[in-house]
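Participant: Below you'll find the structure I mean.
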There are 2 protein chains.
Amino acid sequence: MRARYKKVVGLILVSGLAVTLFHTWSHSTSSEVDIQPRLGTPLKELLQRIHRDNISDSQVDGYHIKEDVACRLGQNACVCVADKETFHLPMSDWFFPRVWAHNLDLTFLQSHPDPEGVKSHRAQEYNSFKKRSYSPADVLIVAEANSPLQYPTQGVEVRPLKTIIIPGSASLGTFDVAATVDKVSIEGEGQKHIVLSSPLLSALNRQLQFVTYTNTVFHPKTADTVQFATEGYQSFFIIKVGHKPVPTLYNSGYQQEYNISAIVTIATKTFLRYDKLKDLIDSIRQYYPTVTIVIADDNEHPQPVTGPHIEHYIMPFGKGWFAGRNLAVSQVTTKYVLWVDDDFIFSTNTKLEKMVDILERTTLDLVGGAVREVTGYTATYRHTISVEDGGKEGDCLHIRNGYHHIIKGFPSCVVADAVINFFMGRTEKVQQVGFNPRLAHRGHLEFFIDALGSLHIGSCSNIIVNHASKIHLPWSKTESQKKYEKFRYSLSPDDNKIHTEVFYFKNRFKCMTSH
Amino acid sequence: MRARYKKVVGLILVSGLAVTLFHTWSHSTSSEVDIQPRLGTPLKELLQRIHRDNISDSQVDGYHIKEDVACRLGQNACVCVADKETFHLPMSDWFFPRVWAHNLDLTFLQSHPDPEGVKSHRAQEYNSFKKRSYSPADVLIVAEANSPLQYPTQGVEVRPLKTIIIPGSASLGTFDVAATVDKVSIEGEGQKHIVLSSPLLSALNRQLQFVTYTNTVFHPKTADTVQFATEGYQSFFIIKVGHKPVPTLYNSGYQQEYNISAIVTIATKTFLRYDKLKDLIDSIRQYYPTVTIVIADDNEHPQPVTGPHIEHYIMPFGKGWFAGRNLAVSQVTTKYVLWVDDDFIFSTNTKLEKMVDILERTTLDLVGGAVREVTGYTATYRHTISVEDGGKEGDCLHIRNGYHHIIKGFPSCVVADAVINFFMGRTEKVQQVGFNPRLAHRGHLEFFIDALGSLHIGSCSNIIVNHASKIHLPWSKTESQKKYEKFRYSLSPDDNKIHTEVFYFKNRFKCMTSH
């Protein structure tokens, strides 16, 4: 009954005054379309003004800030200070390049011949990035109180140049009607404005159910803002315009148990360590004799690496670890890809089935395992990452040891934002994020920063691979500071420069904090 | 004034009855989180029921279907018939593998040892794909008429585990308050239900502006549904939970003219045609002496390809064109990548600056050029692609010659869904879509199907490269049918089988229509 009551109230207004619908995305009706990037429309400002009015309205004295809650609200200018409360792990620096140079602004700009030039170049590039990624569907819209109108507020979508019935709405629509109802007069069929009026409520009500919207201009990944007005009230809603997403499904058979060779490819990159690589391959073959192994090789004098189910790719000399990772992953055709370093060794604890199982049974896109040193020390390298608004100087990147939650049903597994360099992922997801081929020696963290917000990442401590080397790994507790420094300072200044540039320019950070 | 009036009406109800806010995403308060894929919550059904009620309500007779409009409404079961109205282009078959086998269901399943098994496997894989990509932010929500409550309907977003002020809302929020107001009593601070009540409207109003929402469970790319109730009315809105996207910016300098060598890399793949490759490189060097050229090579007996700014990658023998494309693109570090075949020849008409210019000045992600045959015939291969719902048997793929619109300010350029195999794209976008490495000989169309909905694609007829060969290309008008057939039937049955499988299984099509 309540539903009916509302309907009638709504329609008295409507029939009294007629309904006007129009959309605000003005463009020529010719077949020519303007695809210059644009940030918003007059409507956007209108929405924001309405919204501001709502806030500013109402004056009362006597209120008391709750510090504990208020302090949790983000400001739009993060400050570049290391987190005092965090404790320090030995070696953890290693995974956070230039952690000793938190202020990327300073570090990058002071070494740059033209600081002002590069700053404005970055601002310019960021601006066009924002324009390209802008969507009206992200604009804040507020539903007015006591609107006589009933309309969808989200979930309306139309395929490019296709037609839909405005769903679930007894009072909204655009452009045309799929049927005409007796005693209803319609103006503007097939146009950007349509006016419906009738002396008969029920007839108007029925007519409103036949209103259709047709998308006429194809502008991918955008949305059309429909404005709906009757006297004293205006409402907005968004129709998303886009192709139906085409799925990427893998035909990997449907056995009872997971057939690892059919659904997993092992990818690695080698340099100066053919002996280690051979040990890795031999250890894999003990447990997975037919799984495909893709090897990216940037040695100066490559040696043949042959054998069944082995694919050997030869790169220009010294292209680096992450160009190699990107190459290897680009060649994978199975549903999942496992990343291993060339000095890892499979053991009875290296159960790939467990990784497949959690990826199959959860929404995780990528799951990391654990790496055991010869010393017996085992690391999972679980970290959380967050990005804080920093205004026009750039944002702040915060990295902390730890994880978000334990995963229900998988007591050894947690949700995190960054994991160790022994992980299995959905191939198409890992390919989408990719590894930055500019990074020669370090780039593990960079991958997880690029994955932020697009990959759902887990870490399981009960899937373990052994590490043959005792050098070059951060979690090796027996590692001497001497060796570590030796490695660290063996990096060229250019190499460090690239990392600072990636953080400052590519990702637009001004600051980085970590343990 | 109207704003104030609404506010008061809204708040009379509110203060009379108190406001209850709670969210419907129930979970344990422990640090353990269930990330099994789930499609929707009880709320989803509730929303849909409300929505159905709105439609079913109202009974009138006497209405007349408008055939011309009604026929434009999509059904949920596309039929597999070729479009009668389209005309036939010679050779266009070539670009649409197995165009002579429209019905993929039949073609794939009849050749499969276990049709039922593979069908259910596809259904299962599609189901988990949908579960992984489900978001409450896509659920249809309808704003009830005459609600006394004012609330945001879209655009509210919170970072994982962070806190926000419920924006623009005089009457909505969850969990806690950033400040307390005199004469307002609050129950449930810091909990999933909060009740605010006050004898004083203005005080309650002020209090409502301090309501905060804190995200407590991190579940990437999802959204929290907040339900808001006062007597007789309930409203819903969505808070998106997600990391702030990290941009990918390229530091390619900021000259007045475009510095092609700094912002473009040329990528190609070679097989059995080192002579052609040499001609291509020589022609490029006439116009762009320092642009980087990345070459993927899957010859059985690779020959060295050297020279400044040349990167030569050697693949396992016969990996195929699209594994090669994916490899080459994976190594690019510049802002843009240009794809060329190894038998193309640059001329004075091959102005890469024009491609860069349109990519810089529009929202296009990729722009195709034109290829001129030795006969003088020039082709742009412009097509539109659309996907139509086909229910549980799979969807329909429709390919047509033509384009969507001419691009304002670029009279030689149009918006299309597929272009010729001479194109420039934003490197990170082309890498995200990728080329299917399973496809050995053909896969051009497949790339644009995978790009559907994620890449914004254009085509310009005034940027022209020459084609050295007279064989193996579809638009070569002098091509004899004999040579064409020879090429076509040289493809192995396995190769054709893979294409059918890609369309049927990976992309889940049951049908394909084209010119």
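Participant: Before anything else, pin down the relative contact order of region B:260-514: Cα pairs under 8 Å, at least 6 apart, normalised by residue count, whole percent. All intermediate terms of the calculation are to be shown ahead of the outcome.
Facilitator: Numbers: 518 pairs, mean separation 59.1, N = 255.
Result for region B:260-514 is 23 percent.
Participant: Using Cα-Cα distances under 8 Å and only pairs 6 or more residues apart, what relative contact order does region B:244-340 have, in percent?
Facilitator: Rounded, it is 36 percent for region B:244-340.
Participant: In nm, one decimal, shortest first: how far is the label point of residue B:318 (7 Å from Cα along Cα to beta carbon) from the matching points in the other copies?
Facilitator: Reported distances to equivalent positions: 3.7 nm.
Participant: Short version: ³J(HN,Hα) in whole Hz for each residue of region B:125-130, in order, from phi by Karplus 6.51 cos²θ - 1.76 cosθ + 1.60 (θ = phi - 60°), x for Gly and Pro, what are they?
Facilitator: Going residue by residue, I get 4, 5, 4, 6, 4, 5 Hz, with x marking Gly and Pro.
Participant: What does the charge count near residue B:112 come to, summing +1 for each Lys or Arg and -1 for each Asp or Glu among other residues with Cβ under 13 Å from its Cβ?
Facilitator: -1
Participant: Turning to a different aspect of this structure: Quick one: label points 7 angstrom along Cα→Cβ at residue A:357, distances to the other copies in nm, smallest first?
Facilitator: Those label-point separations list as 6.1 nm.
Participant: Sequence-distant or interchain residues sharing an amide H contact under 5 Å with residue A:512, placed H: which?
Facilitator: Here A:104, A:397 satisfy the definition.
Participant: If each label sits 7 angstrom from Cα along the C-beta direction, how far apart, in nm, is residue A:307 from its counterparts in the other copies?
Facilitator: 3.8
Participant: Taking the alpha-carbon centroid of each part, what is the distance from region A:304-323 to region B:340-360 in angstrom?
Facilitator: 31
Participant: Taking the convex hull of the Cα atoms, report for region A:260-514 its projected area averaged over all directions, in nm².
Facilitator: The Cα convex hull of region A:260-514, projected and averaged over all directions, gives 13.5 nm².
Participant: Using 27 Å as the Cα-Cα cut-off, could you pick out the over-long pairs in A:240/A:510; A:130/A:269; A:429/A:506; B:351/B:506; A:244/A:354?
Facilitator: Distance filter (> 27 Å) returns A:240/A:510; A:130/A:269; B:351/B:506; A:244/A:354.
Participant: Rank the residues B:80, B:460 as a footprinting-exposure proxy: fewest other Cβ atoms within 10 Å of their Cβ go first.
Facilitator: Fewest to most other Cβ atoms nearby, the residues stand as B:80, B:460.
Participant: Moving on to the next point. At a 10 Å Cβ-Cβ cut-off, how would you order B:377, B:336, fewest neighbours first? All intermediate terms of the calculation are to be shown ahead of the outcome.
Facilitator: Working: B:377 13, B:336 26.
Neighbour counts put them in this order, fewest first: B:377, B:336.
Participant: Using the Cβ atoms and a cut-off under 12 Å, what net charge is assigned to the surroundings of residue A:461, where Lys and Arg are +1 and Asp and Glu are -1?
Facilitator: Working: positive: A:354, A:372, A:382; negative: none.
Summing Lys/Arg as +1 and Asp/Glu as -1 gives +3.
Throughout, read-outs are computed from the coordinates displayed, never taken from laboratory work. Small disclaimer: the values here were computed from a predicted structure and weren't measured. So basically every Cβ, Gly included, is an ideal-geometry build from the backbone, and we count neighbours across all protein chains shown.
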